[in-house]
Every structure is written in structure tokens, then in C-alpha cells.
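Asks: I am attaching a structure below and will ask some questions about it afterwards.
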Amino acid sequence: MINLLGVLKKKSASGEVVEMKKKDKISVGDVLITGDGAFVQIKFIDKGEMIMRPGTEVTIADYGFDESNPKADKANLEIAKGGLRRLTGLIGKRGDKSADQLKTPTATVGIRGTVYETVVVLPNATQLDSNLAPGEYFKTHSGSIAVTTPLGTIEIPAGKFGAIKRDKADLKKTEAPAVLDKDPGLPPFNPPKDAQIGGGECEASLNINNFFLHNVTQVTMHTLYPQGR
């Protein structure tokens, strides 16, 4: 039930690390880690979706969705390194707008109903095929996102980019978030074209570059359930 090209490992809240396979479930507290060259596509039960880049680490910090109780909605993800692309679902659209959030090492990304990308480049990072300087980078494909740090908040509308760069003199310090008009050099979502995802009856072709933007739907995805289901 998971679209996987390469290796995806899951570290549970108990500390157990396993390599994920078809029909494996993801729970609150799990840390997802993609291997070199791996792309992973996940579908949430609120109809949100996420694609993780190679060399990415994402924690499912909190998640809850009850179709009959919008006030209980919550989707809190944390990215430690690497990159992802997200299509937001119903969470954040039918009640509390702050219910869907992504945390990076230095910022909180608030969602305004959108498709967006985030890339986190750590000092001395080698996991991304990119010449980006250490920092955090954002791109909004549709809708908008708000990026907040202690130094300020910016809103990144569709077609724009954003960045939180690290101080060149002290990589532990970051600059204020800034909106960029040009692509700072984000690495492309570029798995092999027509790569076979999954296996057996769930085998499907997936072009990551076109997904989300061109409504590719003939794929099978994993469903994330709240803890206890």
C-alpha cells in the first residue's frame, strides 16, 4: 500500500527500526527515513499526500482526522533533513487553519491549502544532489504557505520561493526568512522515468515531476491511521 522506489525505513516510538514493505502501517510517533535514491509517496486519510525525497527524515509528530469532528483535526509533521512535497488535505481547510503544520529545524510552516515543497540542507550535508548552501528552502506550487521563525514570518504565494539561510560566520545561527523571486537551485524530483513502484498487483508507473500538478491517479498509496486504529 505504499509507493516506494528504493528503501524506506521506519523508526517507531519504541526505537525499533524496520524496513517498510507493502501494507505496513504508519503511526503517530514514527520516524520515516528514505535511503539513497529513494522516493516515497504516502496518502493520508484526510486526502492529503506527501512525497519524500532521497535522504529525508520525517517524523509523524501528531495526526488525527475524524470526518464528523473537524475541531479534532491535526496534522503535525517534522522534517529533520532532506526534502518533501506535500498536497494538503481536508485538515486545516474545514476548521482550525493552524491544524496542519510542518516543522523544520528552525521554522514552522503554516498551510493555506496548497501544494508546496520544503528542502532542509544541514551543514556538511551530502544527501541531496544540490549545490544549495546550508539552510531551509521552500517553493509553493499552488495556494500559499506561511513560514515563521523567531526572526519573523513570511508568506510565500504560488510560484514563489522562500529561504532561511544560515549565517556564514556561524552555521548555528540563521537569518530571517525571506521570499525569493527566483529558484535558489532546488534539486529536482527526478526518479527514473516510468519507474515501477510497488510489486505484483500494485505495480504502477509514477512520474514524480507530474504528480500533484497533472492529477496522476493510477497509483496505490499507503494510508496513515491515527494511533490506536
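The values are calculated or read from the model by the stated rules, or taken from the named source; none is laboratory data. None of these values were measured; they are calculated from a predicted model. Positions of Cβ are backbone-derived with ideal geometry, glycine not excepted, and every protein chain shown enters the neighbour counts.
Asks: Might you check whether a residue that is in contact with a strand residue (DSSP E or B) (Cβ under 8 Å, 6 or more places away or on another chain) and in a strand (DSSP E or B) occurs anywhere in the stretch 121-129? Can you show your working first?
Replies: Step one: list which residues in the stretch 121-129 are in contact with a strand residue (DSSP E or B) (Cβ under 8 Å, 6 or more places away or on another chain), which gives 121-123, 125, 127-128.
If we keep only those that are in a strand (DSSP E or B) too, we end up with 121.
Yes, the stretch 121-129 contains at least one residue that is in contact with a strand residue (DSSP E or B) (Cβ under 8 Å, 6 or more places away or on another chain) and in a strand (DSSP E or B).
Asks: Quick check on the stretch 130-176: of everything there that is in a loop (DSSP other than H, G, I, E, B) and modelled with pLDDT under 85, which residue is farthest from residue 85 (Cα to Cα)? Show your work before the answer.
Replies: First, the residues of the stretch 130-176 that are in a loop (DSSP other than H, G, I, E, B): 130-134, 143, 150-151, 158-160, 168-169, 175-176.
Filter again for modelled with pLDDT under 85, leaving 130-131, 168-169.
Working: 130: 16, 131: 19, 168: 27, 169: 30 Å.
So the residue we want is 169.
Asks: For the stretch 1-23, give me each residue that is more than 29 Å from residue 94 (Cα to Cα) and touching a Lys or Arg at 6+ places or on another chain (Cβ under 7 Å).
Replies: 17, 18, 19, 20
Asks: For residue 103, state whether it is within 12 Å of the chain's Cα centre (by Cα) and under 22 Å from residue 186 (Cα atoms).
Replies: Considered against the rule, which asks whether it is within 12 Å of the chain's Cα centre (by Cα) and under 22 Å from residue 186 (Cα atoms), residue 103 comes out as yes.
Asks: Scan the stretch 66-90 for residues that are farther than 27 Å from residue 55 by Cβ and not small (Gly, Ala, Ser) and report the count.
Replies: The first filter runs over the stretch 66-90 and keeps only residues farther than 27 Å from residue 55 by Cβ, leaving 66-74, 90.
Going one step further and asking which of them are not small (Gly, Ala, Ser), we end up with 66-67, 69-71, 73-74, 90.
The total comes to 8.
Asks: Another question, if that's okay. With surrounded by fewer than 20 Cβ atoms within 10 Å (Cβ to Cβ) and over 24 Å from residue 177 (Cβ atoms) as the only criterion, which of 61, 72 stands out? Give the steps one after another, and end with the answer.
Replies: Details: 61 fails: over 24 Å from residue 177 (Cβ atoms).
Testing whether each residue is surrounded by fewer than 20 Cβ atoms within 10 Å (Cβ to Cβ) and over 24 Å from residue 177 (Cβ atoms) leaves just 72.
Asks: Still on this structure, I have one more. From the list 99, 163, 176, which residue is under 28 Å from residue 38 (Cβ atoms) and not basic (Lys, Arg)? If you could, list the steps in order and put the result at the bottom.
Replies: Details: 99 fails: under 28 Å from residue 38 (Cβ atoms); 176 fails: under 28 Å from residue 38 (Cβ atoms).
Selected residue: 163, the only one of 99, 163, 176 that is under 28 Å from residue 38 (Cβ atoms) and not basic (Lys, Arg).
Asks: For a quick check of your reading of the model, give me the residue pairs whose first member lies in the stretch 152-175 and is closer than 16 Å to residue 104 by Cβ and in contact (Cβ under 8 Å) with a residue 40 or more places away in the chain, whose second is part of a loop (DSSP other than H, G, I, E, B) and among the acidic types (Asp, Glu), with beta-carbon atoms closer than 7 Å and at least 6 apart or on different chains.
Replies: 164/175
Asks: Something else: Of the numbered conditions (1) part of a loop (DSSP other than H, G, I, E, B); (2) farther than 19 Å from residue 103 by Cβ; (3) modelled with pLDDT of 90 or more, residue 179 fails exactly one; give the number of that condition.
Replies: Of the numbered conditions (1) part of a loop (DSSP other than H, G, I, E, B); (2) farther than 19 Å from residue 103 by Cβ; (3) modelled with pLDDT of 90 or more, the odd one out for residue 179 is (1).
Asks: Would you be able to tell me the number of residues in the stretch 71-93 that are in a loop (DSSP other than H, G, I, E, B) and β-branched (Val, Ile, Thr)?
Replies: Residues of the stretch 71-93 that are in a loop (DSSP other than H, G, I, E, B), as a first pass: 73, 88-93.
This time we only want the ones that are β-branched (Val, Ile, Thr), so: 88, 91.
Count: 2.
Asks: While we're on this one: Criterion first (out of contact with any Lys or Arg (no Cβ under 8 Å at 6 or more places or on another chain) and at pLDDT 90 or above) does residue 56 satisfy it?
Replies: Working: out of contact with any Lys or Arg (no Cβ under 8 Å at 6 or more places or on another chain): no; at pLDDT 90 or above: yes.
Here the answer is no, as residue 56 does not meet what is asked.
Asks: Taking residue 135, is it crowded, with 19+ Cβ neighbours inside 10 Å, of a type outside the set (S, T, N, Q) and either without any contact (Cβ under 8 Å) to a residue 24 or more places away in the chain or closer than 23 Å to residue 55 by Cβ (or both)?
Replies: Working: crowded, with 19+ Cβ neighbours inside 10 Å: yes; of a type outside the set (S, T, N, Q): yes; either without any contact (Cβ under 8 Å) to a residue 24 or more places away in the chain or closer than 23 Å to residue 55 by Cβ (or both): yes.
It is true that residue 135 is crowded, with 19+ Cβ neighbours inside 10 Å, of a type outside the set (S, T, N, Q) and either without any contact (Cβ under 8 Å) to a residue 24 or more places away in the chain or closer than 23 Å to residue 55 by Cβ (or both).
Rundown of residues vs (1) more than 17 Å from the chain's Cα centre (by Cα); (2) under 17 Å from residue 100 (Cα atoms); (3) buried (at least 18 other Cβ atoms within 10 Å of the Cβ), yes/no style:
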| site | (1), (2), (3) |
| --- | --- |
| 10 | no, no, yes |
| 13 | yes, no, no |
| 17 | yes, no, no |
| 26 | no, no, yes |
| 37 | no, no, no |
| 44 | no, yes, yes |
| 50 | no, yes, yes |
| 56 | no, no, yes |
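Asks: Go through the stretch 94-111 and report how many residues are surrounded by 20 or more Cβ atoms within 10 Å (Cβ to Cβ) and outside any strand (DSSP E or B). Spell out how you get there, then give the answer.
Replies: Narrowing the stretch 94-111 to residues surrounded by 20 or more Cβ atoms within 10 Å (Cβ to Cβ): 99-102, 104, 107, 109, 111.
When the remaining residues are screened for being outside any strand (DSSP E or B), the result is 99, 104, 107.
Qualifying residue count for the region: 3.
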